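Here is the structure we will look at, set down as structure tokens.
The values are calculated or read from the model by the stated rules, or taken from the named source; none is laboratory data. All values reported here derive from a predicted model rather than from experimental measurement. Neighbour counts are summed over all protein chains in view; Cβ atoms, including those assigned to glycine, are modelled from backbone coordinates with ideal geometry.
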């Protein structure tokens, strides 16, 4: 059942909207002032549809829209303003403040429901787009992982073929040694068999086989180990997302994500890690945090790639570190790329904003990361950058976040106040 927040200080209007919505299958969260509405919208990402009165105590509808833009601009939330104000200028100001739609009083119930349905469709499309971006990044990685698995598998196969053929040749020599031993035991003449052994040892290069067969075995074992690492990392990384937060080993998430993303960075950079061995477990949504780390590593690799392609750098470095800072854990992803131009510092978390070439990015990665860190984990994401030297993104996560407290006693579903 879809939840809708209804905020209006007039009980008759609020009750009329609530009855109309509940008859059409919506679950209504009803409050009577702007402060309660803001408390719910800012703390409950599941509230994605809201009908707000323009004029009400505490905060008015336009002020709430402005605060949403400033503090939760990546949140998927469709706000319909309910107003008695008329005139193009008023409506334009409301839309500029962040309102998605408006309806004037006195309102028509059918029109209100129709506009609410439009909001649902828009939220649905935005959700699909965000999920498509995540699947796109996974799809790109899958292609790289296939290549990563293919390479060690190829030399495992080649080495096993070499071992098979080499041992076939060695069996011939060993067979002659067996004959020689038998002849010697019988005290027969053995000059002829010794000559055969010398000839075979020369033909198969027995000394070479004795040196290279152990090397081939070691390489085969290394190839199998590498395949195991890749498969294990992919399994850990792609584990179905949990709805509830759980204790997570952040260092393990970093190592797995670096392995999964290897095909993105290995041709343009080296990756170094500086992980705190005593890092405590962090209560979080592991799959979501994996996605954030992946986005930052891929962005770092692509930033360095720009410099590699234009010839200004042969190869760069990505450094991923973890540290505990009192009740917080800090994850830093640094690169030696070109840095972020000052002119776009305030735009990088905006939906669809990207400086990448067409086909290289949808502009969703940092927006999704911002939403995951700040809204789902009550954390902080920030960056430091210097032109020509690189960028460092820092993720700060609370080790044990406090549970979100239920806000506004009057905001329980279905209650009109």
Residue within the stretch 304-323 that is closer than 28 Å to residue 72 by Cβ, at pLDDT 90 or above and surrounded by fewer than 17 Cβ atoms within 10 Å (Cβ to Cβ) present: yes
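I'd like to check something: does the stretch 247-266 contain any residue that is farther than 23 Å from residue 317 by Cα, surrounded by fewer than 17 Cβ atoms within 10 Å (Cβ to Cβ) and at pLDDT 90 or above? Write out each step before concluding.
The initial filter retains those residues of the stretch 247-266 that are farther than 23 Å from residue 317 by Cα, namely 247-249.
Filter once more, keeping what is surrounded by fewer than 17 Cβ atoms within 10 Å (Cβ to Cβ): 247, 249.
Checking which are at pLDDT 90 or above leaves us with 247, 249.
Yes, the stretch 247-266 contains at least one residue that is farther than 23 Å from residue 317 by Cα, surrounded by fewer than 17 Cβ atoms within 10 Å (Cβ to Cβ) and at pLDDT 90 or above.
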Sole exception among (1) over 22 Å from residue 154 (Cβ atoms); (2) exposed (fewer than 12 other Cβ atoms within 10 Å of the Cβ); (3) at pLDDT 80 or above for residue 215, by number: (1)
Filter result for residue 342 (surrounded by fewer than 18 Cβ atoms within 10 Å (Cβ to Cβ), in the same structural domain as residue 267 (by TED's automatic domain parsing) and touching a helix residue (DSSP H, G or I) at 6+ places or on another chain (Cβ under 9 Å)): no
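Taking the conditions exactly as written (crowded, with 18+ Cβ neighbours inside 10 Å and at pLDDT below 90), does residue 348 satisfy them or not?
yes
Which count do you get for residues in the stretch 41-53 that are crowded, with 20+ Cβ neighbours inside 10 Å and either touching a residue at least 40 places away in the same chain (Cβ under 8 Å) or on the phi > 0 side of the Ramachandran plot (or both)?
In the first step, residues of the stretch 41-53 are kept if they are crowded, with 20+ Cβ neighbours inside 10 Å; the result is 41, 48-53.
Filter once more, so that each one left must be either touching a residue at least 40 places away in the same chain (Cβ under 8 Å) or on the phi > 0 side of the Ramachandran plot (or both): 48-53.
Total meeting the criteria: 6.
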All helices (runs of 4 or more DSSP H) inside the stretch 20-135 with 3 or more residues being modelled with pLDDT of 85 or more: 34-43, 61-71
Members of the stretch 91-118 found to be closer than 21 Å to residue 70 by Cα and either surrounded by fewer than 16 Cβ atoms within 10 Å (Cβ to Cβ) or outside the structural domain of residue 16 (by TED's automatic domain parsing) (or both), listed by number: 92, 93, 95, 96
Residue within the stretch 381-396 that is at pLDDT below 85, more than 19 Å from the chain's Cα centre (by Cα) and more than 17 Å from residue 326 (Cα to Cα) present: no
